Amino acid sequence: MALDARVSEDLAKKFATEKESAYSKWVKNEGLEIISGHYIPNLHTVELKPWARRGGAGVYINHEASRHSNDCYVCEIPLGGKLAPQRQLYEEMIYVLDGRGSTTVWNDEGKRITFEWQAGSLFAIPLNTWHQHFNGSGQEAARFLAVTNSPIVINLYDDDNFIFNTAYDFKNRFNGDPDYFSNEGVQKGLLLETNFVADAINIPLIHAKERGAGGGHIRFNMAKGSMNSHISQFPVATYKKCHRHGPGAHVIILSGEGYSLMGLDPDNMHRYDWREGSMIVPPNLWYHQHFNTGNAPARYLALKYEGTSIRNEQGVPKAWISQRVGGDQIDYADEHQSIRDMFRDELAKIGLEPEMEKAYDSELADLPPKP
């Protein structure tokens, strides 16, 4: 069975003072709540509170209540409004959930760029640049989700003035190039080096047989930062291979319907139903597996700061490598029959049959022998 590692209240009290951090105190001082969960059914409707300093509304979402690697927040810009300018010594990636608008980015040298975005756009804020977000509509609010590595930086320095008011231009990250936020980039294998994706919901993907089920995949390096992100998609009536990795991956559903299974024990995982706008955040080393039970391909975006990099000596994520050779991905051939039975039962509700036989068969050609 899956264990939750809970202990007695007496033992918990001995570590109570260590649960609070400079980061969690900072969020409270911002007047915002922290949702300490790993599943949000609908990011479009999650409740926000007024964010006086920034001039909008927001809420923070922290995986597993750890608040020590990376975080996530949802922010809303009022109709026809704007957020206050800000700079920071941590990285930030942004996905636009609703609305349209623009962002202006500038440095102390005076280099300034303004670009427009809409629902489905993805971009990153270059390190320590001034930036300001504007709602381009007088009819509706604009809402975005951001993933940052601020917990590490805030806990390290515990000095708001230093983090948000240090005058230094990282010119290797941003130097005012006019096409910096153009919808282009350089493709290197699965990795696209870019700073702006106009439409993450429809960007073409690259076939990635290693994740199973004929899916597509693309990875991003944005604003020359250390945070990573990727988009995956899998066809109707298929599902991804079960795997696990370090903490901090925020999985935002871009399209489709289905469910994910997550848990410490791959044979006893909990189910989380999702559709466009849902978010799942697998806790550290929890097994998880995604299933498409809708009538259209399912696509998701994962945003993460890889503070805990679990890779082999060749630099390949162990989540892409079979457990049979020491990786953290479970081959279809080794999954429990109950996984397939549940999937078949769910598809039957909408009159579909699993389209997995080809994936099962193609895996056999490269399947390592059991140790």
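The values are calculated or read from the model by the stated rules, or taken from the named source; none is laboratory data. The model shown is predicted, which means the values in this text are computed figures rather than measured ones. All Cβ positions, glycine included, derive from the backbone under ideal geometry; neighbour counts span all protein chains shown. Heads up: the accessible areas ignore ligands, DNA and RNA and are worked out on the full protein's heavy atoms, side chains in. Shrake-Rupley method; radii C 1.70, N 1.55, O 1.52, S 1.80 Å.
Summary table
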| read-out | value |
| --- | --- |
| Looking only at region 308-326, and only at residues there that are touching a residue at least 40 places away in the same chain (Cβ under 8 Å) and touching a helix residue (DSSP H, G or I) at 6+ places or on another chain (Cβ under 7 Å), the one that is surrounded by the fewest Cβ atoms within 10 Å (Cβ to Cβ) | Ile310 |
| Cβ-Cβ under 6 Å pairs, at least 6 apart or on other chains, region 14-34 side on the phi < 0 side of the Ramachandran plot and touching a residue at least 12 places away in the same chain (Cβ under 8 Å), far side open to solvent by 30 Å² or more (accessible area, probe 1.4 Å) and assigned to a helix (DSSP H, G or I) | Ser21/Asn155; Ala22/Asn155; Tyr23/Asn155 |
| Top-ranked residue of region 68-83 - restricted to ones that are in a loop (DSSP other than H, G, I, E, B) and touching a helix residue (DSSP H, G or I) at 6+ places or on another chain (Cβ under 7 Å), ranked as surrounded by the fewest Cβ atoms within 10 Å (Cβ to Cβ) | His68 |
| Among (1) touching a strand residue (DSSP E or B) at 6+ places or on another chain (Cβ under 7 Å); (2) assigned to a loop (DSSP other than H, G, I, E, B); (3) exposed (fewer than 15 other Cβ atoms within 10 Å of the Cβ), the one test that Pro50 misses | (2) |
| Enumeration of residues in region 17-35 that are within 21 Å of Asn284 (Cα to Cα) and either at pLDDT below 80 or open to solvent by less than 60 Å² (accessible area, probe 1.4 Å) (or both) | Glu18, Lys19, Ser21, Tyr23, Ser24, Ile34, Ile35 |
| Among (1) free of Cβ contacts under 8 Å to residues at least 12 places away in the same chain; (2) under 28 Å from Tyr287 (Cα atoms) - the single one Pro41 does not satisfy | (1) |
| Qualifying residue in region 62-71 (condition: under 25 Å from Asn165 (Cβ atoms) and more than 21 Å from the chain's Cα centre (by Cα)) | no |
| Looking only at region 152-176, and only at residues there that are among the acidic types (Asp, Glu) and in contact (Cβ under 8 Å) with a residue 40 or more places away in the chain, the one that is farthest from Tyr23 (Cα to Cα) | Asp169 |
| Odd one out for Phe181, checked against (1) surrounded by 21 or more Cβ atoms within 10 Å (Cβ to Cβ); (2) under 23 Å from Asn29 (Cα atoms); (3) aromatic (Phe, Trp, Tyr) | (2) |
| Set Gly294, Gly315, Gly327: member being within 16 Å of Ala208 (Cβ to Cβ), out of contact with any Leu (no Cβ under 7 Å at 6 or more places or on another chain) and part of a loop (DSSP other than H, G, I, E, B) | Gly327 |
| In region 116-130, the residues that are farther than 24 Å from Ile252 by Cα and either in a loop (DSSP other than H, G, I, E, B) or open to solvent by less than 10 Å² (accessible area, probe 1.4 Å) (or both) | Asn128, Thr129 |
| Residues of region 157-178 classified as part of a helix (DSSP H, G or I), surrounded by 13 or more Cβ atoms within 10 Å (Cβ to Cβ) and out of contact with any helix residue (DSSP H, G or I) (no Cβ under 8 Å at 6 or more places or on another chain), total | 1 |
| Residues of region 343-371 classified as assigned to a helix (DSSP H, G or I), in contact (Cβ under 8 Å) with a residue 12 or more places away in the chain, farther than 25 Å from Leu190 by Cβ and not acidic (Asp, Glu), total | 2 |
| Region 264-288: number of residues that are under 14 Å from Asp328 (Cα atoms) and surrounded by fewer than 23 Cβ atoms within 10 Å (Cβ to Cβ) | 7 |
| Number of the condition not met by Arg143 [criteria: (1) crowded, with 23+ Cβ neighbours inside 10 Å; (2) outside any strand (DSSP E or B)] | (2) |
| Residue list for region 351-368, filter: under 29 Å from the mean Cα position of the chain (by Cα) and either closer than 19 Å to Ala296 by Cα or open to solvent by 90 Å² or more (accessible area, probe 1.4 Å) (or both) | Pro354, Glu355, Met356, Ala359 |
| Filter result for Ile113 (open to solvent by less than 70 Å² (accessible area, probe 1.4 Å) and outside any strand (DSSP E or B)) | no |
